[in-house]
């Protein structure tokens, strides 16, 4: 390892000397003007012999010199093409500049005529060559130089250059988001934006990041969800709205969690959570077919069908089926802890409130068993402070989650609580839970209660983590693979 680092340092010094030589020649190593007739892929697709010169631009990925001629490859986002560079074609001065000063990693502008070699390789016979950007550090070896996952995430720019899969993940992500927007537009929704800095964090059970707003002289929070502001817009007369944007939760890192992630939420007036189950099936089928041309995905070695309809099961029924524990018969923390211990199920011993215990039990015994998509419904009121109660059983809410692939939560949705008196009561209960040690419980938002007091029509709301959807459709186990720059612990160098 030390030897490789020494070689890299030496090569970096050599490149710096080349940059100084280029400067002495009066050549601008970083010009602004670029001549570019088409992307590389377009040139490759029309690579039959042509008498018309074309201009291409890209990064050099390999150089193969043979005396007074040689080959090189350049690559842009669209693809790669071979160059044939000959002294007789470009001139002695230009060829000397190329052989003395150009390295793998440099960006160049080339003009020439297309032809195909005897080995059927699309090639540009170069007539002119211009340096666009001098690379002062060598690229890692394609096959062995950037395999360490930690380094890939820290130097993502190199990861994208060398690992095609990493770049494909980001391109796929862009296509998925575009397809989601298309689906919502086709269904009459409008896209809106709500504040990221909020005086009171709400809309989800999560610990927020705090910052300080100097000009206002008060603390603000990075939003944990856009929900409460989107519902204010429904109060304001909008009926079908959605938002795609960043949210921030000051929690742990895992293969399915990143503190900063992208959420997709929509709200639909005059609908209930049951309506949204059907809409979710339609959306998932549309997105997956549009992206993969199939109702079935392959995730971590398993084929998972998203062809509707999806089965439904209540949270209570699922926990009872998987653990033998009926949470409706153990409504206190001490009672539930006792029966969990009897069943020899290991959970965090420091859980201090009943809803947190239920949630952790559910995650432990049920979620890992879920492979095919399933709607889990009727969560306890204590776990759903913003959801309307079931009209038959007031202890549970009109809520569902869509889960699949070993318990990945894709969607959380419910019929919105629109009774301002009940909402205040729920917030006050959340405050009690916070006092009892549950720092993910929600704060009282008097401004939101005031908005509800002017009337919120029957409304259903829905949320999905974009990153998890991309994980599934790209068959990636880690959420970091589908985030361009995931959160990482700071090092001495970074």
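General observations
- Residues (without any contact (Cβ under 8 Å) to a residue 24 or more places away in the chain and under 22 Å from residue 330 (Cα atoms)) located in the stretch 395-430: 397
Every residue, every condition in (1) surrounded by 12 or more Cβ atoms within 10 Å (Cβ to Cβ); (2) touching a helix residue (DSSP H, G or I) at 6+ places or on another chain (Cβ under 8 Å); (3) at pLDDT below 95, yes or no:
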{"residue": "10", "(1), (2), (3)": "no, no, yes"}
{"residue": "23", "(1), (2), (3)": "yes, no, no"}
{"residue": "43", "(1), (2), (3)": "yes, no, yes"}
{"residue": "50", "(1), (2), (3)": "yes, no, yes"}
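- Close pairs (8 angstrom Cβ cut-off, 6 or more residues apart or separate chains): part of a helix (DSSP H, G or I) in the stretch 340-364, loosely packed, with under 13 Cβ neighbours inside 10 Å anywhere: 354/332; 360/348; 364/346
Let's see how each residue does on (1) touching a helix residue (DSSP H, G or I) at 6+ places or on another chain (Cβ under 9 Å); (2) closer than 24 Å to residue 476 by Cα; (3) buried (at least 18 other Cβ atoms within 10 Å of the Cβ):
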{"residue": "293", "(1), (2), (3)": "no, yes, no"}
{"residue": "296", "(1), (2), (3)": "yes, yes, no"}
{"residue": "331", "(1), (2), (3)": "yes, no, no"}
{"residue": "363", "(1), (2), (3)": "no, yes, no"}
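Okay, residues lined up against (1) in a helix (DSSP H, G or I); (2) within 16 Å of residue 411 (Cβ to Cβ):
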residue: 237; (1), (2): no, no
residue: 243; (1), (2): no, yes
residue: 246; (1), (2): no, no
residue: 252; (1), (2): no, no
residue: 265; (1), (2): no, yes
residue: 283; (1), (2): yes, yes
residue: 286; (1), (2): yes, yes
residue: 290; (1), (2): yes, no
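- Residue within the stretch 181-204 that is within 20 Å of residue 431 (Cα to Cα), within 21 Å of the chain's Cα centre (by Cα) and surrounded by 15 or more Cβ atoms within 10 Å (Cβ to Cβ) present: yes
- Only a single item in (1) buried (at least 16 other Cβ atoms within 10 Å of the Cβ); (2) more than 29 Å from residue 164 (Cα to Cα); (3) touching a residue at least 24 places away in the same chain (Cβ under 8 Å) is not met by residue 87, and it is number (3).
- Of the residues 319, 325, the single one that is surrounded by 16 or more Cβ atoms within 10 Å (Cβ to Cβ), in a loop (DSSP other than H, G, I, E, B), touching a helix residue (DSSP H, G or I) at 6+ places or on another chain (Cβ under 7 Å) and in contact (Cβ under 8 Å) with a residue 24 or more places away in the chain is 325.
- Residue pairs meeting the criteria (Cβ under 7 Å; at least 6 apart or on separate chains; first at positive phi, in the stretch 265-276; second assigned to a helix (DSSP H, G or I) and buried (at least 20 other Cβ atoms within 10 Å of the Cβ)): none
- Residue within the stretch 381-402 that is part of a loop (DSSP other than H, G, I, E, B), under 20 Å from residue 317 (Cα atoms) and either touching a helix residue (DSSP H, G or I) at 6+ places or on another chain (Cβ under 7 Å) or not assigned by TED's automatic domain parsing to the domain that holds residue 262 (or both) present: yes
- Qualifying residues in the stretch 447-494 (those that are in a loop (DSSP other than H, G, I, E, B) and in contact with a strand residue (DSSP E or B) (Cβ under 8 Å, 6 or more places away or on another chain)) - the one nearest to residue 288 (Cα to Cα): 475
The values are calculated or read from the model by the stated rules, or taken from the named source; none is laboratory data. If you're wondering where the values come from, they're calculated on a predicted model, not measured in any experiment. As a convention, Cβ positions derive from the backbone with ideal geometry for all residues, glycine included, and neighbour counts pool all protein chains shown.
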